[in-house]
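*Asks:* Structure in structure tokens, see below.
The values are calculated or read from the model by the stated rules, or taken from the named source; none is laboratory data. Small disclaimer: the values here were computed from a predicted structure and weren't measured. With ideal geometry, Cβ positions are generated from the backbone for all residues, glycine too; neighbour counts draw on all protein chains shown.
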Amino acid sequence: KTMHLWRGYKVTDDFMSAVNAYYKTESGKLTVGLWNGQSLEGDYTEFDYYFSLVLTDGLSLSVWDINNFSSYPGADIFNYTNDETSHFVDATLAYQVNDVLGVSWSTILAGRDFHYDDNGDAKNSFSNYIEANYTAYTNEDLSVGLKLGGAFAFANEAHFYGDDAFNIVNIGANVSKKVTLFGQTLPIGATAMWNPEQKYGAMELSFSLF
């Protein structure tokens, strides 16, 4: 990737690579995996654990332990204390309404999504991110999609994605295309993102080898 975008965040501006190692059951309903990302400059490093479960047709649950320790060089990987950890645990319930429309609700359950209460104690903020994605066009080799994401927290006005009680944090458009190079089919993608809360935008180009 030329950079890494996630829910309206520019996680890294540098070129980066990612490895996704996973096991999927024969039924296809359960997936368990490890995800690692690192920028070529070495400023961004992330090591995640996750599982996803198909609950019913169109409805799925996924839980990620996201450990982006780029700004936590000395962090203990086993420490989940709010104001010390590099982790946050994120759960997503996603529903595919029809062939072109999908919606999801994600909540950060633990980790470095926190605020200090009146006593000065670190408390979970339980930040929420909701997203709708729409497939505008698709065929065998090309897909064009749009997305809109907003964020808020029940426990505090400020949250993981911004400072306002509710805000739009992710307006996006993406194009993916399969190209043939040296006899191999490579998926190539481009994602444009605008974040009204942070007042910036960016574009990511990516391709997959496997």
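*Asks:* Hey, can you tell me all the residues within the stretch 34-46 that are more than 13 Å from the chain's Cα centre (by Cα), surrounded by 15 or more Cβ atoms within 10 Å (Cβ to Cβ) and part of a strand (DSSP E or B)?
*Replies:* Once the filter is applied, which keeps residues that are more than 13 Å from the chain's Cα centre (by Cα), surrounded by 15 or more Cβ atoms within 10 Å (Cβ to Cβ) and part of a strand (DSSP E or B), the stretch 34-46 yields 38, 39, 45.
*Asks:* Next question, about the same structure. Any idea which of (1) on the phi > 0 side of the Ramachandran plot; (2) surrounded by fewer than 15 Cβ atoms within 10 Å (Cβ to Cβ); (3) not charged (D, E, K, R) is the one residue 126 doesn't satisfy?
*Replies:* So residue 126 meets the others, but not (2).
*Asks:* OK, next. Say whether the condition of being in contact with a strand residue (DSSP E or B) (Cβ under 7 Å, 6 or more places away or on another chain), modelled with pLDDT of 95 or more and either within 21 Å of residue 156 (Cβ to Cβ) or small (Gly, Ala, Ser) (or both) is met by at least one residue in the stretch 42-50.
*Replies:* No, the stretch 42-50 contains no residue that is in contact with a strand residue (DSSP E or B) (Cβ under 7 Å, 6 or more places away or on another chain), modelled with pLDDT of 95 or more and either within 21 Å of residue 156 (Cβ to Cβ) or small (Gly, Ala, Ser) (or both).
*Asks:* On the basis of being small (Gly, Ala, Ser), out of contact with any strand residue (DSSP E or B) (no Cβ under 8 Å at 6 or more places or on another chain) and at pLDDT below 95, does residue 120 make the cut?
*Replies:* Yes, satisfied.
*Asks:* Can you go through 151, 158 and tell me which one is hydrophobic (A, V, I, L, M, F, W, C), at pLDDT below 95 and either within 22 Å of residue 124 (Cα to Cα) or surrounded by fewer than 15 Cβ atoms within 10 Å (Cβ to Cβ) (or both)?
*Replies:* Being hydrophobic (A, V, I, L, M, F, W, C), at pLDDT below 95 and either within 22 Å of residue 124 (Cα to Cα) or surrounded by fewer than 15 Cβ atoms within 10 Å (Cβ to Cβ) (or both) holds for just one of 151, 158, which is 158.
*Asks:* Given the condition touching a residue at least 24 places away in the same chain (Cβ under 8 Å), in contact with a Phe, Trp or Tyr (Cβ under 8 Å, 6 or more places away or on another chain) and not in a loop (DSSP other than H, G, I, E, B), answer yes or no: does some residue in the stretch 70-86 qualify?
*Replies:* no
*Asks:* Within the stretch 110-141, can you find the residues that are free of Cβ contacts under 8 Å to residues at least 40 places away in the same chain, hydrophobic (A, V, I, L, M, F, W, C) and not in a loop (DSSP other than H, G, I, E, B)?
*Replies:* Correct list: 110, 114, 130, 132, 136.
*Asks:* Taking the options 205, 186, name whichever one is surrounded by fewer than 15 Cβ atoms within 10 Å (Cβ to Cβ), out of contact with any helix residue (DSSP H, G or I) (no Cβ under 6 Å at 6 or more places or on another chain) and in contact (Cβ under 8 Å) with a residue 40 or more places away in the chain.
*Replies:* After ruling out the rest, the residue left standing is 205.
*Asks:* Looking only at residues that are under 20 Å from the mean Cα position of the chain (by Cα) and part of a loop (DSSP other than H, G, I, E, B) in the stretch 47-69, which one is farthest from residue 125 (Cα to Cα)?
*Replies:* Across the stretch 47-69, the extreme among qualifying residues is 58.
*Asks:* In the stretch 179-200, which residue that is part of a strand (DSSP E or B), at pLDDT 90 or above and not aliphatic (A, V, I, L, M) is nearest to residue 9 (Cα to Cα)?
*Replies:* Result: 195.
*Asks:* I'd like the residue in the stretch 11-51 that is among the polar types (S, T, N, Q) and out of contact with any Phe, Trp or Tyr (no Cβ under 9 Å at 6 or more places or on another chain) and, out of all such residues, is farthest from residue 91 (Cα to Cα).
*Replies:* 17
*Asks:* Take the conditions within 30 Å of residue 138 (Cβ to Cβ), aromatic (Phe, Trp, Tyr) and crowded, with 17+ Cβ neighbours inside 10 Å and apply them to residue 64. Does it pass?
*Replies:* Spelling it out, residue 64 is indeed within 30 Å of residue 138 (Cβ to Cβ), aromatic (Phe, Trp, Tyr) and crowded, with 17+ Cβ neighbours inside 10 Å.
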